[in-house]
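The values are calculated or read from the model by the stated rules, or taken from the named source; none is laboratory data. These numbers come from a predicted model, not from an experiment. Cβ coordinates were reconstructed from backbone atoms using ideal geometry, including for glycine residues, and neighbour counts include every protein chain displayed. Side chains are part of the model used for accessible areas, which takes the heavy atoms of the whole protein and leaves out ligands, DNA and RNA. Shrake-Rupley method; radii C 1.70, N 1.55, O 1.52, S 1.80 Å.
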Amino acid sequence: MPDAAVAARSSETTNSGATQQVDVAVVGAGFAGLYLLHKLRKAGFSAVVLEDAGDVGGTWYWNRYPGARCDIQTMDYSYTFDPELDREWTWSEKYATQPEILRYFGFVADRYDLRRDIRFNTRVKAAKWDDTSDRWQIVTDNGADVSCRYYIMATGCLSTPKPPEIDGVKDFKGEIYFTGRWPHDGVNLAGKRVAVIGTGSSGIQSIPLIAEQAAHLTVFQRTASFALPAHNGPAPDDRKTYFEADRAAYREQARWSLAGVPYPQEMAVSWQLSDAERRERFEKAWAAGDLVHILTQLWADQAADFDSNALIGKLIHEKIRAVVKDPETAAALSPQDHPFGSKRPCLDTNYYATYNRPNVTLVNLRQEPIKAITASGIVTDKRSVDLDVIVFATGFDAMTGAIMAVHPITGRAGKSLSSVWAQGPQTYLGLTVAGFPNLFMITGPGSPSVLSNMAVSIEQHVDWVVDRLAALRDAGFTTMEATETAQAGWARHMADCSMLTLHRLANTWYTGANVPGKVQTLMPYNSGVGPYRGICNEVVSRGMLGFKLTGPDVAEQCNDGEVVRLQPDVRLVLGMLAEMNLPQIESLGAQGARDFLTEFNKGRPAGRPVGEVGSGALQGAEGPLPYRLYRPATPGPHPIVVYFHGGGWVLGDELSDDPFCRDLCRRSGMIVVSVGYRHAPEHRFPAAAEDGYAATRWIAEHAAELGGRPGPVLVAGWSAGANIATVTCQLARDRGGPQIAGQLLVCPVTDCRFDRPSYADNAVGYFLTRALMFWFWDIYCSPADRTDPRASPLRGNLAGLPPAFVATCEFDPLRDEGIEYAEALAAAGVPVEQLQARGHIHSSLVMVDVVITGVGGRAKMAEALRGFAGLPRKLEESADISPISVNAAAG
Ligand code: FAD
Ligand code: NAP
């Protein structure tokens, strides 16, 4: 519909002056606003949509620059709420152009007769919550203000272009355009001297086409982006076939996927693949021309690990060099300052080849910053460029810009959103804000939004919000408001999630770094649309957890709390384990449990390479015991850590904690010798404890033979292994050696009592259960022996023991006895460092490369071991331990 007609229609809908009364006011008529209106109507709400633009389309109304297309395949970037609509529209290309996408939104608006409730050319200026009427008052710049029960901001994550921020823009006598506000009638650039400032997606899409028209194009690049060829054309056969085979299943997979497009979870980590295998995967991804493919399908650790990510950067640099003829230009176009994917990569058509054209010049602003824009062009430190046209492809005040542009948004007690968000956006689920009842944001900060196929994320938010409003109404509630507890919990969860990926390491619009003065924080939720959807559903299934609900004729309901208290990756692991429907270990019998563990461990990612791995036999208390030795790649001799595996004195062997031993070896730069001590029920108490002591003595005596540093050794262990480690320290003190320089105790068993709160709090659900611990104790040790300090070291004499590092996990039955042991050691005068890992379970700190949030804790353990051994606590940075991993915070 032409703008004029739309404007005429919109003015009919209201009488200026009188306030328009509706159940719901929606701001924005883009992807989100249109679906909201349709869904609200279906649910029986009266609604109005207020839209600044002259017609529907949002992003696709405003961004009409040459080359504008989507970068998620259009087959995926479509509405899915109505299978009939899905069938009625067929996209002509793999990545549709802006005009085609805009036609699609027009088609949708017509199909559901949406425009009659949309007021176009109407900007929302301010909004105020009225506590007496429990309604929002919305101030517009055109026509009537609106009074509504619910206020939904579907204002877009990328809808507020950033101001130019360059001196002298007003002095320029030529034409100025913004990609995000491109004129509807197009721009004639033929024969003109054109500048494009900015090389994000908008710049990269438009530059090749502008270069074809302009007499000369000068591109001003501050940060080089990664771009891969879109290979546009018809939708690829493999994806189309997959989609057509079962559309409903395909859509459902998308909803539960990582990024909103159905792709499997990649399992192979980078170091498991050879160079040739990695190259093959990369070439396949490059040929596919699909962002989600290249961002998720190369190797499992690509988004999390700096080194594995750097491999991709190098491969893309090669591609750039192969196309761009001038080596200096190729180097300038090759991103060096951010990990691949930490800034949104771009899809291009002929982008790099454009720099081989004689009429294109690249100006590298890192070497010659812009000094000013003048009447005739742009002046840098090194040159002055005369211009007829300047195109600003400088991006958006993303995620929060459009929300904060409605100013003030006043919630309860006169509080404005801008004051609440002064230190960065605070939300519950990215949907709501405490103190702002009945205000909802579609794809707001704190939700997956821009780190996903937005179509899927928008539909999920719209469904969740409208379904909640309908449920509220049916139950007699009229207000819904996030609690402070829930919001603070979400902020913590967001902070935990931000440690999982490399996004936090780049200066991007994801973090707000592109806008001078904006508070920097990773704004989108980075742990996937499927997990996020699960959390939103859980909020509902747990009785609207974290929301206060009120209504005139019903009792107030507030089920306060935090929806996610586990670390995000621990939650994922537990979810995966739950789906596997594993048997209860204690139901299998000792041998059955061992066999199960061996099988289970086969599916575990391999540990990282170390300098050398060897094995042999040492002398235990009553005979030879197997050991496995992990040697660092650095020249020795190294101090030796004697390691005792976990498994409740019943399960496991010297190989079963292999990834953790490798990690300790790599991070500490020390030899780790993992001991295969004897197990119950064949060898009950005190066999394991006595083996631990004997093995430590043997290793200390044979240190030089093992290539280790003679002198004191260190001991370490996890779970029952930590029990053995600390018992070994007591025995070594009492039996005249060997000398032990320090003890690392990870989730140690220290006492036979089961009545500490952590046993009750974590009795079920977190892998190590109370029942399993009962079973381990029963097999290992008769009740009469359990108070022996060799079984319950907390009951022993702790004075004079070596310094200790004690790690405990919040959701572990053993938490309290571990903390008590650390405190008792300290009380006995032993130097102790404690790590109380928030959000972790019994096994998560040792689940190397599965639980990334354990990295910071493991780095601290290694530092402690080095300190015990008299070495500098920080290992000199080596090529194979990424600084990011080492720096990552403990959970
Ligand atoms: P928008 O489409 O941004 O619509 C918001 C609307 O709200 C706008 O029309 C705006 O005018 C209106 N509005 C804002 N504030 C006010 C106010 N105060 N008063 C009245 N009206 C207001 N995402 C993908 O997943 N895949 C892609 O391929 C993709 N390509 C993109 C290409 C470009 C060029 C850009 C800029 C973004 C792209 N995105 C893509 C992200 C894109 O923004 C979303 O996919 C989606 O279109 C957002 O829809 P929305 O309705 O939430 O917001
Ligand atoms: P952008 O990614 O933020 O890129 C803006 C560019 O302008 C960057 O190169 C930036 O450099 C530069 N810039 C900003 N201010 C500058 C200044 N004062 N001086 C010099 N350079 C400056 O914005 P965008 O390209 O519009 O893309 C935004 C997002 O929209 C994309 O990431 C994507 O999600 C979406 N989008 C998608 C498509 C698509 O392919 N479908 C197309 C366009 C947009 P710095 O990086 O140094 O700040």
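Helix 855-868 and the long axis of the chain differ in direction by around 40°, with both axes built from C-alpha atoms. Put Phe600, Phe226 in order of accessible area, highest first, and with a 1.4 Å probe you get Phe600, Phe226.
Using a cutoff of 8 angstrom between alpha carbon atoms and counting only pairs six or more residues apart, the relative contact order for the chain works out to 10 percent. Estimated translational diffusion coefficient (Stokes-Einstein, Kirkwood radius over Cα pairs, 25 °C, 0.890 mPa s) of region 631-761: 165 µm² per second. Mean shadow of region 66-120, computed from the convex hull of its alpha carbons, in nm²? Over every viewing direction, the Cα hull of region 66-120 projects on average to 4.5 nm². Which FRET efficiency value, to the nearest 0.05, do you get for Asp560 and Met267 by plugging their Cβ-Cβ distance into 1/(1 + (r/R0)^6) with R0 = 35 Å? Between Asp560 and Met267 the formula returns 0.35.
Expressed as a fraction of 2.2 N^0.38 Å, the C-alpha radius of gyration for region 769-810 is 1.43. Please compute P(r) over all alpha-carbon pairs of region 295-361, binned at 5 Å starting from zero, and give each bin as a whole-number percent. Going out from 0 Å in 5 Å bins, region 295-361 shows 3, 16, 25, 22, 16, 10, 5, 2, 0 percent. From the Cα gyration tensor of region 770-865, with a ≥ b ≥ c the square roots of its eigenvalues, which class applies: rounded if a/c is under 1.5, or else prolate if a/b is larger than b/c, or else oblate? Here region 770-865 falls in the oblate category.
To the nearest 10 degrees, how steep is helix 529-541 against the longest Cα principal axis of the chain, on a 0 to 90 scale? The angle comes out at about 80 degrees. Considering only Phe306, Ala288, Gln336, the residue lying farthest towards the positive end of the dipole of region 251-336 is Ala288, judged by Cα position with unit charges set on Cβ. Loop-located trypsin sites (Lys or Arg not before Pro) in region 344-385 (DSSP state not H, G, I, E or B) with no more than 11 neighbouring Cβ atoms inside 10 Å: Lys382. Extension gain for Thr787 to Glu622 (0.36 nm times residue separation, less C-alpha to C-alpha distance): 57.1 nm. Taking only Cα atoms, what is the 0 to 90° angle, nearest 10, from helix 306-323's long axis to the longest principal axis of the chain? Value to nearest ten degrees: 40.
Amide hydrogen proximity for Ala303: with H placed 1.01 Å from N in the peptide plane, no residue at 5 or more positions away or on another chain lies under 5 Å. Taking Cβ atoms as reference points and 11 Å as the exclusive limit, the residues near Asn723 contribute a net charge of -1, counting Lys and Arg as +1 and Asp and Glu as -1. Among Phe644, Phe754, the sequence by solvent-accessible area, most first, with a 1.4 Å probe is Phe754, Phe644. For region 718-736 versus region 341-365, the inter-centroid distance based on Cα atoms is 62 Å.
Computed with the Debye formula from one identical point scatterer per Cα of region 116-222, without solvent, the log10 of I(q)/I(0) at q = 0.20 Å⁻¹ comes to -1.09.
Here Lys325 and Ala276 are evaluated by their C-beta separation; at R0 = 41 Å the FRET efficiency comes out at 0.90.
For region 247-326, the spread of Cα positions along the three principal axes, ordered from largest to smallest, is 48, 28, 19 Å.
Cβ-Cβ distance of Phe81 and Lys371, R₀ of 45 Å, FRET efficiency by 1/(1 + (r/R0)^6): the value works out to about 0.30.
Just the protein heavy atoms count here, and of the accessible area of the chain at 1.4 Å, carbon and sulfur take up 52 percent.
Taking every protein chain into account, the 1.4 Å probe leaves Ile740 with about 30 Å² of accessible area, to the nearest ten. With all protein chains kept in place, the per residue accessible area of the chain amounts to 37 square angstrom at a probe of 1.4 angstrom.
Estimated at 0.36 nm per residue, the fully extended path between Asp167 and Arg222 surpasses their Cα-Cα distance by 18.2 nm. How much of the pair distance distribution for region 786-839 lies past 19 Å, counting alpha-carbon pairs only, in percent? Beyond 19 Å sits 27 percent of the P(r) for region 786-839. Scaled to the globular estimate 2.2 N^0.38 Å, the Cα spread of region 184-223, given as radius of gyration, is 1.13. Among the listed pairs Lys162/Lys415; Lys192/Lys518; Lys128/Lys343; Lys170/Lys518, those with a Cα-Cα distance over 32 Å are Lys192/Lys518; Lys128/Lys343.
Relative contact order for region 123-180: what is it in percent, counting Cα pairs under 8 Å that are at least 6 residues apart? Across region 123-180, relative contact order equals 21 percent.
Considering all C-alpha pairs of the chain, those separated by over 41 Å amount to 45%. Legend: P(r) of region 20-120 from all alpha carbon pair distances, 10 Å bins from 0, whole percents, reading 15, 48, 30, 7, 0. Size estimate for region 674-724 follows the Kirkwood approach: the inverse of mean 1/r over distinct Cα pairs works out to 11.7 Å. Computing Rg and the Kirkwood Rh from the Cα coordinates of region 518-567 gives a ratio, Rg/Rh, of 1.11.
A probe of 1.4 angstrom, applied to the heavy atoms of all protein chains, finds Arg678 with accessible area near 40 square angstrom. Here the extension length gained between Arg684 and Glu538 equals 48.2 nm, from 0.36 nm per residue of separation less the Cα-Cα distance.
Figure legend: label point modelled 7 angstrom from the Cα of Asn188 along Cα→Cβ; no residues of region 198-232 have amide N under 12 Å from it.
Put Asp595, Asp553, Asp307, Asp691 in order of accessible area, highest first, and with a 1.4 Å probe you get Asp553, Asp595, Asp307, Asp691.
The Rg/Rh ratio of region 565-659, with both radii computed over alpha carbons and Rh defined as the Kirkwood radius, is 1.03.
Just want the answer: with Cβ charges of +1 for Lys and Arg and -1 for Asp and Glu, which residue in Ala214, Leu273, Ile204 is farthest toward the dipole's positive end in region 202-341? Working it through, the farthest residue towards the positive pole turns out to be Ala214. Dividing the radius of gyration of the alpha carbons in region 486-593 by their Kirkwood radius gives 1.13 for Rg/Rh.
Glu705 exposes around 150 Å² of accessible area when a 1.4 Å probe is run over every protein chain in place.
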